[in-house]
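S.K.: Below: one structure in structure tokens.
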Amino acid sequence: MLECKNLNIYKEDIILIENKSFIIQKSEIYTLTGMSGAGKSTLLKYICGIEQKSFTYKGEILINQQSVNHLPTNQRGVRMIFQNDLLFPHMNVIENLLFAMPLKEKNNKEEALTLLSQLQLDHLSYKNINTLSGGEYSRICLVRMIINKPNVLLVDEPFNNLDKKTKNITKDFFYKNISEMNCATLIVSHNLEDIYSNDKIIKL
Amino acid sequence: MNGLRHLIKSNFSYWILLVLFGVIALVIGNICYQVISKLDTNFFLIHFNDLLTSISITFFNNIIATILAVIIAFLITNYLYNKKSFKSSFLIILISFPHISYCIGIIYLFATSGFFARLFALFYGNDIPFISERGDASSSLIYIISLALREVPFLVLIGLSVLKKINALQIQKQVLVLGHSNLSALLCCIFPIWLKSMTLPILIIVTFCFSNYEFSSILGPQFPHMINVKIIDSWYSTNFNLARQMNSLIIITILSSILALITLYTLMQILIGYLKNQKFLGFGNYNLFSLGKIFYFIVIALFMIILFVTSLLSISESWFFPTIMPSSFSLRGFDYMVSNYLWLFFSSIFISSIISILCLLFVVILIETSKDTKNIYKFLFVISLMILVIPQNIMLISIANLMEQLTLFSVSLWFYFSLFIYIVPYTYFMLKQSYDDLNPQYIHSSDILGITRFKSFFLIKLPMMFNDFLLIFGVSFSVCFYQFLQGIIVTKGERGLFNNEVFILFSGESIQTASAGSMMNFLPAALIFMIISLRYRYVRV
């Protein structure tokens, strides 16, 4: 469960987010919307623990009812997909996926291949990252985060760079998998089509 | 005829580069021909067995020094990259430190009556640990550590730009949001990517290790000598057998450096393969900063202590063991240097300045007059690689042989040429970086406005890149001023730079005079870099 209490974010003297509070329970998917420059990505980064120097932050973040403000990013239990997510260039596709798995287990590789095949990307398993197209790249970033099995997931504009058909396949894959994981999810999106549920929208 | 004229005019840069490529290919071809045609296999095998200890010392010392330099350089790079207030101009001053002065300084520190022995005696009395010079582990250790630390500033300077290029901060964030530790980010992702991008600089370091004379002769094991020293001994020898031995030594050096390159490359691949499959989950947020900080201060302290001790020695009249400070001072060493070597000092500065400026102009003209700069870059890259990959002592021996065969040109011309070709790679690599950093939008805008290329260079590029040009000149100047083997191999001591004279002073004259020479040797590049860093601070383009 993700809970944000009285969040305030300032850039110099300008207030970006004022007194914002919300709770996202397990297996709930919320969409964060707002104008460009409203602070959507900044908010996600703050929840994740990646604070930017030019911003001032106030407020409390709770994961599973425990305050995580003092914890570093990797110990918060929050995972995030950036708008410009990076795959590691010294690893091929499957190695990138295996690196994201929290524990070394025997069936890790099979699981990774299964997820890739769900998005019809299994032919890319052993491909070099530099040979992928923009759409393939961003879909593999999604698979990498799904395979990580997060409890709280923050996603910044996940379906950009995709054509309509691929977008629909990817959206089905994404929502199906995060529902199965019982994960609290917050998605930033400009596009009304990407909103998962109309009653679960946070506006900035 | 008109067609040929047009072809030459339209492909001016290609023709010039083709000529340079041809000359370097001729130099490499000449040494290959000499070695293959004159090699007596039985003689080679006999020498190979005799030289086995020297070969193994040379091989292992250089490999270990390179590995150590790479590890320390990464730790320091990682520390400096995350330190926001850091300015890289300080590293450039360390790079400009002359090899000869550095080696002499190390000797002053570690000699039996050296600075460290004096410090040791201050606390523990006169029972000072003895450093053997017989080729065993202790003498090799000084060589390995000194050589590694000398190469660190060069690797750090390039390593920093590599970390910026690969966007190390973003990689770190990415690893952290996957739930891995900082150590995982550093060792599993940033280090392997950095190492892969550093292949060329590491290659340059390896070939330098196998061709340097200063380190091997001053700091390396003495009984037996390392192969690099034996090559110069054979080159100078009038003994027929020793002179014949040179062909064997050249082949051994080439084979050893190729083997070292293959070994290091294989080790790099194994390490990258191993690290990318690891997960350092239980290491909290340890980021190796403190280790990088310690090494950074060790490197700076070493250079500063060397400078301090050498400057003290240059003005000390009497400095008896075990006192920490000299008892009396005089400027006799500097007096001697000024009255005997001032002309050589200034002529070396003049030659280095002219060659650096010519080299800068040469590369700029090639880039600016070409319609297809991408191909010019490729061509220059191949030429630079040819120059840097062949060990310098072997390349220069070939130039000297060519000089004897082609008596058309004077020794001085060959000397200048041999200096020039070793400045080209550094000028090219830095200039390319500078051109890459220039926002292409400015040039597109000037093209759209119909401004000629000539005008666009002088009115747009030159003012914007002026600080870079100054820095490139500074680095080229120091590289040229500290070239050493040309004076030994190409001219056989007939002509040389001030650097060569400092080395001779070290082995012949009083310690005070040699130290004064060593201090003077440091001055020109230090002064140039100080002026450049002041300009960087106060004049922003």
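S.K.: R0 = 30 Å: FRET efficiency of B:ALA25 with B:LYS371, Cβ-based, nearest 0.05?
M.R.: It comes out at approximately 0.75.
S.K.: In addition: Quote the total accessible area buried by chains B and A together, excluding ligands, DNA and RNA, probe 1.4 Å, nearest 100 Å².
M.R.: 2300 Å²
S.K.: Explain nothing, just the number: relative contact order of the stretch A:71-186, from Cα pairs under 8 Å at least 6 residues apart, as a whole percent.
M.R.: This gives 36 percent for the stretch A:71-186.
S.K.: Then there is this: Full extension from B:PHE346 to B:LYS83: what is 0.36 nm times the residue separation minus their Cα-Cα distance, to one decimal in nm?
M.R.: Here the segment from B:PHE346 to B:LYS83 would lengthen by 90.7 nm.
S.K.: Can I ask one more? How many percent of all Cα-Cα pairs in the stretch A:52-204 sit more than 26 Å apart?
M.R.: Value for the stretch A:52-204: 29 percent of Cα pairs lie more than 26 Å apart.
S.K.: Using a 1.4 angstrom probe on heavy atoms only, work out the carbon and sulfur share of the accessible area of the protein assembly as shown in %.
M.R.: Roughly 63 percent of what the probe reaches on the protein assembly as shown is carbon or sulfur.
S.K.: Taking 10 °C and 1.306 mPa s as the conditions, I'd like the Stokes-Einstein D for the protein assembly as shown in µm²/s, using the Kirkwood hydrodynamic radius from alpha carbon pairs.
M.R.: 53 µm²/s
S.K.: Then there is this: Return, for the Cα atoms of the stretch A:156-204, the radius of gyration and Dmax in Å, separated by a comma.
M.R.: Just the Cα atoms of the stretch A:156-204 yield Rg and Dmax of 11.1, 30 Å.
S.K.: Treating the beta-carbon of each Lys and Arg as +1 and of each Asp and Glu as -1, no other charges, what is the dipole magnitude of the stretch B:209-324 about its Cα centre, to the nearest 20 debye?
M.R.: 500 debye
S.K.: Is the C-alpha gyration tensor of chain B telling us rounded, prolate or oblate? Criteria: a/c under 1.5 is rounded; beyond that, a/b larger than b/c is prolate, otherwise oblate.
M.R.: Rounded shape, in that the Cα axes give a/c under 1.5.
S.K.: Per residue, how large is the accessible surface of chain B? Use a 1.4 angstrom probe and give square angstrom.
M.R.: Accessible area per residue, chain B: 45 Å².
S.K.: Here's a follow-up. Below 8 Å, C-alpha to C-alpha, sequence gap of six or more: please give me the relative contact order for chain B in percent.
M.R.: 22 percent
S.K.: Loop by DSSP (not H, G, I, E, B), at most 14 other beta-carbon atoms within 10 Å: where is the longest site-free stretch of chain A for GluC sites (Glu not before Pro)?
M.R.: A:106-204
S.K.: Within the stretch B:482-497, find all residues whose amide N lies under 12 Å from a label point positioned 7 Å from the Cα of B:ILE504 along Cα-to-beta-carbon.
M.R.: What the label zone holds, given the 12 Å backbone N cut-off, is B:487-488, B:492-497.
S.K.: What is the average number of partner chain Cβ atoms found within 10 Å of a Cβ in A:74-85?
M.R.: Across A:74-85, the average partner-chain Cβ count within 10 Å equals 4.
S.K.: A follow-up question, please. Find the relative contact order for the stretch B:195-253 and round it to a whole percent, using C-alpha pairs within less than 8 Å whose residues are 6+ positions apart.
M.R.: 24 percent
S.K.: In chain B, once you exclude exposed trypsin sites (Lys or Arg not before Pro) (DSSP loop, at most 14 other Cβ within 10 angstrom), what's the longest stretch remaining?
M.R.: Between exposed loop sites, the widest span is B:135-370.
S.K.: Convert each backbone phi in the stretch A:16-24 into a coupling constant with the Karplus relation 6.51 cos²θ - 1.76 cosθ + 1.60 (shift: θ = phi - 60°), then list the ³J(HN,Hα) values in order as whole Hz, x for Gly and Pro.
M.R.: Computed from phi, the couplings for the stretch A:16-24 are 8, 10, 10, 6, 8, 10, 7, 10, 10 Hz.
S.K.: Please say if the stretch B:275-428 is rounded, prolate or oblate, where rounded means a/c under 1.5 for a ≥ b ≥ c the square roots of the C-alpha gyration tensor eigenvalues, and otherwise the choice is prolate for a/b larger than b/c and oblate otherwise?
M.R.: oblate
S.K.: Sequence-distant or interchain residues sharing an amide H contact under 5 Å with B:SER330, placed H: which?
M.R.: B:SER316, B:GLU317
S.K.: For every helix of n ≥ 4 consecutive DSSP H residues, a contribution of -39,500 (n - 2.57) applies; sum these over chain B, divide by its total residues, and give [θ] at 222 nm rounded to the nearest 500 deg cm²/dmol.
M.R.: The per-residue figure over chain B is -25000 deg cm²/dmol.
S.K.: With the cut-off at 1.5 for a/c, could you classify the stretch B:201-301 from its C-alpha gyration tensor as rounded, prolate or oblate?
M.R.: Note, shape of the stretch B:201-301 comes out oblate.
S.K.: Please average, across the residues of A:89-95, the number of beta carbons from any other chain that are within 10 Å of each residue's own beta carbon, and give a whole number.
M.R.: 5
S.K.: Another question, if that's okay. Residue separation times 0.36 nm, minus the C-alpha to C-alpha distance between A:GLU51 and A:HIS123: what's the value?
M.R.: That pair, A:GLU51 and A:HIS123, stretches by 22.2 nm at full extension.
S.K.: With +1 on each Lys and Arg Cβ and -1 on each Asp and Glu Cβ, how big is the dipole of the protein assembly as shown about its Cα centre, in debye rounded to the nearest 20?
M.R.: Here the size comes out at about 1460 debye.
S.K.: Taking accessible area as the heavy-atom solvent-accessible surface of the protein chains with a 1.4 Å probe, which residues of the stretch B:172-204 lose no less than 20 Å² upon going from the isolated chain to the full protein assembly?
M.R.: Buried-area filter returns B:LYS173, B:GLN174, B:LEU176, B:VAL177, B:LEU178, B:GLY179, B:HIS180, B:CYS189, B:ILE193, B:LYS196.
S.K.: Taking a 19 Å limit on the Cα-Cα distance, which of the listed pairs A:LYS106/A:LYS171; A:LYS5/A:LYS203; B:LYS378/B:LYS461; A:LYS26/A:LYS106; B:LYS173/B:LYS276 fall beyond it?
M.R.: Among A:LYS106/A:LYS171; A:LYS5/A:LYS203; B:LYS378/B:LYS461; A:LYS26/A:LYS106; B:LYS173/B:LYS276, the Cα-Cα distance tops 19 Å for A:LYS106/A:LYS171; B:LYS378/B:LYS461; A:LYS26/A:LYS106.
S.K.: A further question on this structure: At 0.36 nm per residue, minus the direct Cα-Cα distance, what do B:SER330 and B:TRP15 gain on full extension? Give it in nm, one decimal, please.
M.R.: Length gained between B:SER330 and B:TRP15: 107.7 nm.
S.K.: Under 19 Å Cα to Cα from A:LYS165, which lysines show up? Leave out anything in the same chain fewer than 8 places away.
M.R.: Partners found: A:LYS176.
The values are calculated or read from the model by the stated rules, or taken from the named source; none is laboratory data. Everything quoted here is computed from the prediction, not taken from an experiment. Here Cβ is always computed from backbone atoms with ideal geometry, including for glycine, and neighbour counts include all displayed protein chains. Heavy atoms of the whole protein, side chains included, go into the accessibility calculation; ligands, DNA and RNA do not. Shrake-Rupley method; radii C 1.70, N 1.55, O 1.52, S 1.80 Å.
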